[in-house]
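What follows is a short report on a single structure.
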Amino acid sequence: MTATLLDGRATAQQIQTEIKDKVAAFTDATGTTPTLAAVLVGEDPASAVYVRNKERACRKVGINSQLHRLNSDTTTSQLVDLVQQLNEDPAVSGILVQLPLPGQIDDLQVLDLIDPIKDVDAFHPTNVGLLSQGRPQFLPCTPHGVLQVLHRYDISISGKTSVIIGRSDIVGKPLAMLMGAKDSHLGPDLCNSTVTVCHSRTPDLPSITKQADVLVAAIGRPKYVTADMVKPGAVVVDVGINRTDDGLVGDVDFEPVREVASHITPVPGGVGPLTVTMLLENTLTAARLQKQVGVASP
Ligand code: NAP
């Protein structure tokens with residue numbers, strides 16, 4: 001079996017076209033344009049690329065973007081001042097602080113300060129809490145991107161056994177909440193999965209991954225998931241982005257796993273473009289929440 005490719009770029013393009021129409025309607029109705037303020041601290045080249053991609057994506061759908069660049073020796077208190085200023089600025093709909101931050105900065109102090117109504121990454125404890133109670137105001141971008149690609153390819157996870165490798169606050173943990181939830185804004189096929197979360201202390205990982213109808217890798221280790229870890233016919237979603245001498249690779253050993261799985265996301269061109277797209281969706285949601293226009297739970 002050669003797996004069907006789940007094309008994240010094409011899916012992202014389709015969703016961005018929909019977002020562009022919604023942004024235009026919002027701008028017509030309110031006379032304001034949703035605006036994303038991105039904060040980039042230091043010179044990390046990968047972070048600079050991510051921020052540039054986000055700015056470009058904003059332009060494509062009619063969202064304004066601001067870039068606030070700070071030196072690598074910025075202090076927590078300087079960053080706190082900037083976040084406070086952005087919180088208070090009515091022209092700013094969403095605030096994104098690009099991670100990782102330099103070591104001298106207290107990440108949590110900064111992220112916890114972002115106004116939950118402008119928290120387009122959905123990292124604030126208020127938004128994490130709302131998500132865990134099944135009433136999110138923002139969905140975290142990468143987990144939402146994973147659900148979207150499954151949705152757009154008519155893949156159901158309901159009643160299926162899902163295994164997520166990775167338990168980070170950004171990917172694994174919120175994705176487990178969404179996949180195992182009772183409801184989804186994407187319909188009954190994109191929830192009610194029986195979810196197992198694995199991590200670096202999980203013994204005999206292959207014995208668990210081989211049970212997965214849907215296997216998600218969010219580890220950060222190149223080509224870690226090999227074909228013998230995958231159940232024949234499984235849907236495999238590769239969240240990993242690893243820079244190697246051979247270029248960008250995922251957490252999944254793509255070619256051999258492709259021969260075992262039924263569906264698979266590539267790297268690059270899989271979950272990455274969807275993550276950026278869901279950030280656009282959240283920026284529009286933030287603008288709606290602030291204007292109280294057409295607000296519906298995601
Ligand atoms: P992270 O915070 O480093 O978390 C990695 C997780 O993988 C941890 O829970 C860790 O376990 C687990 N892990 C590490 N080695 C393992 C092993 N040998 N066996 C089983 N589990 C293991 O990383 P992250 O932020 O979730 O990101 C994961 C990957 O996704 C990275 O490659 C990142 O670049 C990528 N990413 C991609 C996107 C996208 O848009 N496509 C977005 C975000 C992240 P412990 O908890 O025990 O340490």
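Where in the chain is the longest stretch that carries no GluC sites (Glu not before Pro) classed as loop by DSSP and with at most 14 other Cβ atoms within 10 Å?
44-258
Whole-Hz ³J(HN,Hα) for each residue in the range 203-218, computed from phi via Karplus 6.51 cos²θ - 1.76 cosθ + 1.60 with θ = phi - 60°, x for glycine and proline: what do you get?
x, 6, 3, x, 5, 8, 4, 5, 8, 7, 6, 10, 10, 10, 10, 9
So how much accessible area does TYR50 have, in Å² to the nearest 10, using a 1.4 Å probe?
Taking all protein chains as shown, TYR50 has close to 80 Å².
What shape does the range 14-172 take by its C-alpha gyration tensor, where a ≥ b ≥ c are the square roots of the eigenvalues and a/c under 1.5 counts as rounded, a/b above b/c as prolate, and the rest as oblate?
It is oblate, given that a/c is not under 1.5 and a/b is not larger than b/c.
Just to confirm, what accessible area per residue do you get for the chain at 1.4 Å probe, in whole Å²?
Accessible area per residue: 45 Å².
At a threshold of 8 angstrom on Cα-Cα distance, excluding pairs fewer than six apart, so keeping six or more, what relative contact order does the range 32-116 reach in percent?
41 percent
Rounded, prolate or oblate, given the Cα gyration tensor of the range 141-272, with a/c below 1.5 counting as rounded?
The shape class here is rounded.
Read phi for every residue in the range 110-127 and hand back ³J(HN,Hα) as whole Hz from Karplus 6.51 cos²θ - 1.76 cosθ + 1.60, θ = phi - 60°, with x for Gly and Pro.
Coupling constants for the range 110-127: 6, 5, 5, 8, 4, 4, x, 7, 10, 8, 5, 7, 6, 8, 5, x, 4, 6 Hz.
Whole-Hz ³J(HN,Hα) for each residue in the range 30-41, computed from phi via Karplus 6.51 cos²θ - 1.76 cosθ + 1.60 with θ = phi - 60°, x for glycine and proline: what do you get?
10, x, 10, 10, x, 9, 9, 9, 9, 10, 10, 10
Among rounded, prolate and oblate, which fits the range 32-116 when a ≥ b ≥ c are the square roots of the eigenvalues of its C-alpha gyration tensor, a/c under 1.5 means rounded, and a/b larger than b/c means prolate?
Judged from the Cα gyration tensor, the range 32-116 comes out oblate (a/c at least 1.5, b/c at or above a/b).
Once the other residues with Cβ under 14 Å from the Cβ of ILE157 are scored (Lys, Arg +1; Asp, Glu -1), what is the net sum?
Its environment carries a net charge of -1.
Quick one: of the DSSP bridges fully inside the chain, what percent are antiparallel, nearest 5?
10 percent
Relative contact order, percent, of the range 228-270 when contacts are C-alpha pairs under 8 Å separated by at least 6 residues?
Here the relative contact order equals 49 percent.
If the cut-off is 24 Å between C-alpha atoms, which lysines fall inside it for LYS118, apart from same-chain ones fewer than 8 positions away?
Here the lysines satisfying the reach criterion relative to LYS118 are LYS20, LYS22, LYS54, LYS60, LYS173, LYS291.
Carbon-plus-sulfur fraction of the accessible area of the chain, 1.4 Å probe, in percent?
Its accessible area is 50 percent carbon and sulfur atoms.
Give the range of the longest stretch in the chain that excludes all trypsin sites (Lys or Arg not before Pro) found in loop regions by DSSP and having at most 11 other beta-carbon atoms within 10 Å.
My reading of the result: 1-181 is the longest stretch.
Using only alpha carbon pairs under 8 Å that are at least six residues apart, calculate the relative contact order of the chain and give it in whole percent.
Relative contact order comes out at 22 percent.
The values are calculated or read from the model by the stated rules, or taken from the named source; none is laboratory data. As the structure is a computational prediction, the values presented were derived from the model and not from experiment. Cβ coordinates were reconstructed from backbone atoms using ideal geometry, including for glycine residues, and neighbour counts include every protein chain displayed. Accessible surface is based on the protein model in full, side chains and every heavy atom, while ligands, DNA and RNA are left aside. Shrake-Rupley method; radii C 1.70, N 1.55, O 1.52, S 1.80 Å.
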